[in-house]
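Remarks on the structure that follows.
Throughout, read-outs are computed from the coordinates displayed, never taken from laboratory work. All figures in this text were calculated on a predicted structure; none of them were measured in a lab. Because the Cβ atoms are built from the backbone with ideal geometry, glycine has one as well, and the counts that use them run over all protein chains shown.
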There are 2 protein chains.
Amino acid sequence: MADIKTAFHIGCGNCGLQKICFPTGLVKSDVDRLDMIVDRKPALKKGQHLYQVGDKFQSLFAIRAGVVKLYEITDSGEEVIHGFYLPGDVLGMDGVENKTHQFSASALDSLSICSLPFDQLNDLSLQVPNLHNQILKVMSKEANESRLHTDLLMKKSADQRMAQFIFGMSERYRERGYVYDSFRLAILHRDVALYLGLTPETVSRILAKMHSDGIASWKKKEVQIMDRDALMALAGIIVDRDEKKQKA
Amino acid sequence: MADIKTAFHIGCGNCGLQKICFPTGLVKSDVDRLDMIVDRKPALKKGQHLYQVGDKFQSLFAIRAGVVKLYEITDSGEEVIHGFYLPGDVLGMDGVENKTHQFSASALDSLSICSLPFDQLNDLSLQVPNLHNQILKVMSKEANESRLHTDLLMKKSADQRMAQFIFGMSERYRERGYVYDSFRLAILHRDVALYLGLTPETVSRILAKMHSDGIASWKKKEVQIMDRDALMALAGIIVDRDEKKQKA
DNA sequence: CGCTCCTTTGAGGGCCATCAAAAGGAGTGG
DNA sequence: CCACTCCTTTTGATGGCCCTCAAAGGAGCG
């Protein structure tokens, strides 16, 4: 059962992440129904797990603040990181297939999350078509993004991967309405390496070069994009000519 | 509207792929309702597309016979292959996110498919809980498998990738009740290379070595597994001791 | 039979991993 | 606040895996 909301409770209806999170496209009355089943969890500390491989699947999680990494330890004992989740993102869908989580998710930072008990969410979605569509959409997005990750690993050089990563993070901050050419990124270089299929040494060398080339810097969890066009070019992203005209 | 079924129509109810395909876990009356919306398509020839990047998303597709590759052409004009679909597999979920297909799917072989109009499938799923669960499950599986693909690309050597690929295909044939140590595989070596993140040259060299080592061979679309244990060892798969005892 | 695409085989080289070691930060307990 | 430890990051030297390039042989198809 959902907890009784206190006067100070921040519900979905007045959460700043509505545009990014699940409520997108829901009318107010439906957001309120969603709000009923959302369980606001106590904050997690760095290193704590939302779930681990083999855990019973019970809930999806929406992030209110902080960063989460989705990862696994392979048979041979090496870590592989599959993605990073920012405020407004929803994760946990890896457990739907077998009612058991196939991957692990842990906090890279102090974390504030909402828990969405899946059975209840599912029942509600049968009555709220837009919510149902949201769930399908988020799951489809998971797979599509994983395949973009595959592209990165298959066809991009180490420099391109790094540039694309920084640019991608910047875009995600932009979507959320934050400053996006200078932001805090609480991810270890080591973890980025494990996400990009590189070694920490290579990441370090590339960041040094990007800094001296005046493209971007990332030191002490602070990212600064100095030359956005150069960054995009390096990432292999074609700049839309019309968009460039608007800038000028 | 669904076509009128002829006396010769093979419906979901008497399809040999029920255990693999969508009807899994449905009672007969529900299978019949699913059958009502399934649209049996005329056969496709090698090279024809089920859909392409940018096509409007309308249906999921279930494969009755043949092999499909899911792929894309990157910005830089290179092909990346994301997966191969065998009889009983369902594909097309890449279109759910934006109502537009993000990838392309084409026949590697003569192909026989069923089309499942998504709107109708979705409506039906609201009334048939097990069908609803099936859809969620298949979508979750897509993402999970894509991440296993990532593992392959990140942490396995070329030999391991090749071994894992052949072993994986063998297991998929096994699940379907076919002979699984000697089977026809209508996939070009070139396409396997594009799936494994390798070049055709490398694939060729590895297959030559696996053949001379007496592990497996793949010539002219015929795969033969000669030493299954060695293949698994090469793929980096730990053999369960109890399972080995049963063999002896 | 001729065309095209796929596959094979060989030679050479580049990108990034590996190994090693030192320096820098973060967290802990005194 | 400092000493201590552990983990992360940096920097350099070396080498290996697999790509690239090249060309010949084979398979499929009109």
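Could you check which residue among A:SER157, A:SER115, A:SER217 shows the biggest mean-square fluctuation in a GNM of chain A with a 10 Å Cα cutoff? Sorting by GNM fluctuation, first place goes to A:SER157. The angle separating the long axis of helix B:118-127 from the principal Cα axis of greatest extent in chain B is about 70 degrees.
Across peptide B:71-81, the mean count of Cβ atoms from other chains lying within 10 Å of each residue's own Cβ comes to 3. Each residue in A:TYR85, A:TYR71 was given a count of other beta-carbon atoms within 10 angstrom of its own, and listing them fewest first yields A:TYR71, A:TYR85. Counted by Cβ distance under 14 Å from B:LEU126, the other residues give a net charge of -3, where Lys and Arg count +1 and Asp and Glu count -1.
Let me know the charge dipole size of chain B about its Cα centre in debye, to the nearest 20, where only the beta-carbon of Lys, Arg (+1) and Asp, Glu (-1) is charged. Before the final figure, lay out the partial values.
Numbers: 33 positive and 32 negative charges, 145 e Å.
Value, rounded to 20: 700 debye.
Note on the protein assembly as shown: the C-alpha convex hull projects to 26.8 nm² when averaged across all orientations. Taken residue by residue and averaged, Cβ atoms of other chains lying within 10 Å of the Cβ of A:124-132 number 2. Each listed q (0.14, 0.17 Å⁻¹) maps to a log10 I(q)/I(0) for the stretch B:156-247, found by the Debye formula over equal Cα scatterers with no solvent: -0.47, -0.70. Net charge of the neighbourhood of B:VAL80, taken over other residues with C-beta under 12 Å away and scored Lys/Arg +1, Asp/Glu -1, is -2.
Given C-alpha coordinates of chain A, what is the ratio Rg to Rh with the Kirkwood estimate of Rh? Value, to two decimals: 0.98. Figure legend: label point modelled 7 angstrom from the Cα of A:LYS221 along Cα→Cβ; residues of the stretch A:52-76 with amide N under 12 Å from it are A:66-67.
Between the helical axis of B:129-155 and the dominant principal axis of chain B, each derived from Cα atoms, what acute angle in degrees is found, rounded to the nearest 10? The two axes meet at around 20 degrees. Name the shape class, rounded, prolate or oblate, that the alpha-carbon gyration tensor gives for the stretch B:138-197, where a ≥ b ≥ c are the square roots of its eigenvalues, rounded holds for a/c under 1.5, and otherwise prolate holds if a/b is larger than b/c and oblate otherwise. Oblate, because a/c is 1.5 or more while a/b does not exceed b/c.
Placing +1 at every Lys and Arg Cβ and -1 at every Asp and Glu Cβ, with all other atoms neutral, what dipole size does the protein assembly as shown have around its Cα centre, in debye to the nearest 20? Before the final figure, lay out the partial values.
On the way: 66 positive and 64 negative charges, 70 e Å.
In total the dipole reaches around 340 debye.
Each Lys or Arg adds one and each Asp or Glu takes one away; over the other residues whose Cβ falls under 12 Å from the Cβ of A:ASN98, this sums to +1.
In this structure the amide hydrogen of B:ARG64, modeled in the peptide plane, comes within under 5 Å of the amide hydrogens of B:GLY88, B:SER112, B:ILE113, B:CYS114, none closer than 5 places in sequence on its chain.
Each of A:GLY77, A:THR150, A:PRO23 was placed along the dipole of chain A (beta-carbon charges, centred on the mean Cα), and the one lying farthest toward the positive end is A:PRO23.
Peptide A:148-158 has a mean of 6 when you count, residue by residue, the C-beta atoms of other protein chains within 10 Å of its C-beta. Helix B:28-37 against the longest principal axis of chain B: what's the angle in degrees, Cα atoms only, rounded to the nearest 10? That works out to roughly 80 degrees.
Summarising the amide proton neighbourhood of B:THR100: residues at separation of 5 or more, or on other chains, whose placed amide H is nearer than 5 Å comprise B:PHE57.
To one decimal place, what orientation-averaged projected area in nm² is obtained for the convex hull of the Cα set of the stretch B:12-153?
Numbers: hull surface 34.7 nm².
Here the figure is 8.7 nm², rounded to one decimal.
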